[in-house]
Amino acid sequence: MDRILIRGGNRLSGRIAISGAKNSALTLLPCALLTDEPLTLRNLPRLADVDSFGHLLNQFGVSTMIEGTRPDEFGRVMTMRASRLTSSTAPYDIVRKMRASILVLGPLIGRMGEATVSLPGGCAIGNRPIDLHLKALEAMGAEIELAAGYVKATAPGGRLPGGRFTFPVVSVGATENALMAAATAKGTTVLENAAREPEIVDLCRLLIAMGASIDGVGTETLTIEGRDRLHGATYRVMPDRIEAGSYACAAAITGGALELVGAEASDMRATLVALQEAGVTITETAGSIHVAANGPLQPVSLSTAPFPGFATDMQAQFMAMLTQADGASVLTETIFENRYMHVPELARMGADIQVTGRSAVVRGQSPLIGAPVMATDLRASMSLILAGLAATGETQVSRIYHLDRGYERLEEKLQAVGADIERVGDG
Ligand code: EPZ
């Protein structure tokens, strides 16, 4: 298995092109199921999960074609066509490798009136149930049956009537499945306490481009008038706000300065405010964000929260950065129950972090020493990379397949701004 080696201590400086957003791509791709016309997505990130999703769509009879792009270009163009679907089942062996596969549930019911999807199971950061996905679809008229590790959802008469559902807690994925199913329901659907993440807005914009009728885009109340059919579209995936935030932390932790080209500040306001509180200088320009360390980092205390709050997907990266702040920070993780897997690995590099329940006290400034460490989940892996960039000596990060799920050509992007980083294979 590949590993990443980093020899820390270099200040990063230069420009990093921000790729298309993984968490938007994974909900835009299944929209191809909602129409028999071609759907073309531009600025798709080159990520393992995007490739896996393409293979999943092929399972249903969707043709996928990737247009050639220059090797130095980031992002890809993929055209999908679901002229006629040959299956409505997402098998366990695919779903278990990529839990975002559950996002075919809504579009399959929306197109075929039924879906059979393997239950995704948990992952490193929590057991991540899908009860809200199912309750929302039931509120729209779906009949749900659970058997042998699969969920079978059926629209009586082949088409959902639509309905009203109030989410008891904010759920990005459940909001996405409900939106995609509502787009072609017979009647109107109202979703309350819906997720407002930028990726939800991206999904609404694509569905509207395909002919859907959605009111309240960007708010917690979405009203969807079902359409008999949707048409194809060409749509550009939004920039990845978590990738951008991760590289902003890289500039901060190395005492450097980076231009995040293509980043959208309005998608990541809470991250930018927290970085400024930590003493980092943020300059927003047309189409990019400039992030520059400006003297010693200051401690910051915050809790993760649904958008527009501080993103849970930024918690691990922020924690790595705060190990270098002058003083104690307190981070509280309110979204997932087990999202501190990076803590023991950071501690092995010299970080002083004390976890009590949902909160972690990060005492800085702790000098970090390079060490062999192991990635456990996507964002934890990035926190180890950030620590390695600031550590004295060499850090080896193993199990980096976690990283490849969410960061396009990470070592290339970091090498280009001065990091001493390379990917080595075990041969
Ligand atoms: C999406 O996951 C993202 N993944 C996650 O990013 C992100 O951390 C999360 O939203 C929160 O922002 C993708 O978009 C592919 P949720 P999702 O449903 O949809 C509970 C990354 O690192 N819940 O908003 O699965 C759940 O257990 C990944 O890029 C239920 O209880 O997140 C969690 O505690 C990690 N029942 C909370 O809600 C449900 O039916 C939020 O989950 C659904 C969720």
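Structure above, values below:
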{"read-out": "Region 115-180 versus region 30-100: alpha-carbon centroid distance in Å", "value": "21"}
{"read-out": "Dipole in debye (nearest 20) - region 156-308, about Cα centre, beta carbon charges: Lys, Arg +1; Asp, Glu -1", "value": "500"}
{"read-out": "Per-residue Cβ neighbour rank within 10 angstrom, fewest leading, 267, 215, 404", "value": "215, 404, 267"}
{"read-out": "Those trypsin sites (Lys or Arg not before Pro) in region 213-301 that DSSP places in a loop and that have at most 16 other beta carbons within 10 Å", "value": "229"}
{"read-out": "Cα gyration tensor, region 116-185 - rounded (a/c under 1.5), prolate or oblate", "value": "oblate"}
{"read-out": "Kirkwood hydrodynamic radius (C-alpha pairs) into Stokes-Einstein, region 76-146, 37 °C and 0.692 mPa s, D in µm²/s", "value": "244"}
{"read-out": "Region 22-236 - Debye-derived log10 I(q)/I(0), Cα point model, q = 0.11, 0.18 Å⁻¹", "value": "-0.46, -1.33"}
{"read-out": "Whole-Å distance, taken between Cα centres, linking region 187-211 and region 337-411", "value": "34"}
{"read-out": "Region 51-116: GluC sites (Glu not before Pro) in DSSP coil with no more than 14 other Cβ atoms inside 10 Å", "value": "73"}
{"read-out": "Ascending count of other beta-carbon atoms within 10 Å, so fewest first, for 329, 24", "value": "329, 24"}
{"read-out": "Proxy reagent accessibility, fewest Cβ within 10 Å first, across 98, 319", "value": "98, 319"}
{"read-out": "Value of [θ]222 nm, deg cm²/dmol, for the chain, DSSP H segments ≥ 4, -39500 (n - 2.57) each, nearest 500", "value": "-8000 deg cm²/dmol"}
{"read-out": "Per DSSP, loop GluC sites (Glu not before Pro) in region 192-270 with at most 13 further Cβ within 10 Å", "value": "none"}
{"read-out": "Region 50-136 - percent relative contact order, Cα under 8 Å, separation 6 or more", "value": "22"}
{"read-out": "Under 5 Å, built H, 5+ apart or other chain: amide partners of residue 166", "value": "192"}
{"read-out": "For region 147-163, 3J(HN,Hα) per residue [Karplus equation, 6.51 cos²θ - 1.76 cosθ + 1.60, θ = phi - 60°, Hz, x = Gly/Pro]", "value": "7, 6, x, 10, 10, 10, 10, 9, 9, x, x, x, 8, 5, x, x, x"}
{"read-out": "Under the Debye formula (equal points on every Cα, no solvent term), log10 I(q)/I(0) of the chain at q = 0.06, 0.12 Å⁻¹", "value": "-0.24, -0.96"}
{"read-out": "Relative contact order (%) - the chain, alpha-carbon pairs under 8 angstrom, separation at least six", "value": "21"}
{"read-out": "In sequence order, calculated HN-Hα J values of region 214-219 (Karplus, 6.51, -1.76, 1.60; Hz; x Gly/Pro)", "value": "10, 10, x, 3, x, 10"}
{"read-out": "Calculated from backbone phi, Karplus (6.51, -1.76, 1.60) coupling profile of region 403-419 in Hz, x at Gly/Pro", "value": "5, 5, 6, x, 10, 6, 6, 4, 5, 4, 5, 6, 4, 5, 10, x, 7"}
{"read-out": "Cut-off under 5 Å, modelled amide H: who pairs with residue 234 long-range", "value": "40"}
{"read-out": "Cut-off under 5 Å, modelled amide H: who pairs with residue 150 long-range", "value": "119"}
{"read-out": "Added length on full extension, which subtracts the Cα-Cα distance from 0.36 nm per residue, residue 338 to residue 286", "value": "15.0 nm"}
{"read-out": "Mean separation of Cα contacts under 8 Å, 6 or more apart, over the residue count of region 190-238: relative contact order %", "value": "42"}
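Quick note: the coordinates plus some simple rules give every number you see, no bench work behind them. Only a predicted model underlies this, so the values are computations on that prediction, with no experimental measurement involved. So basically every Cβ, Gly included, is an ideal-geometry build from the backbone, and we count neighbours across all protein chains shown.
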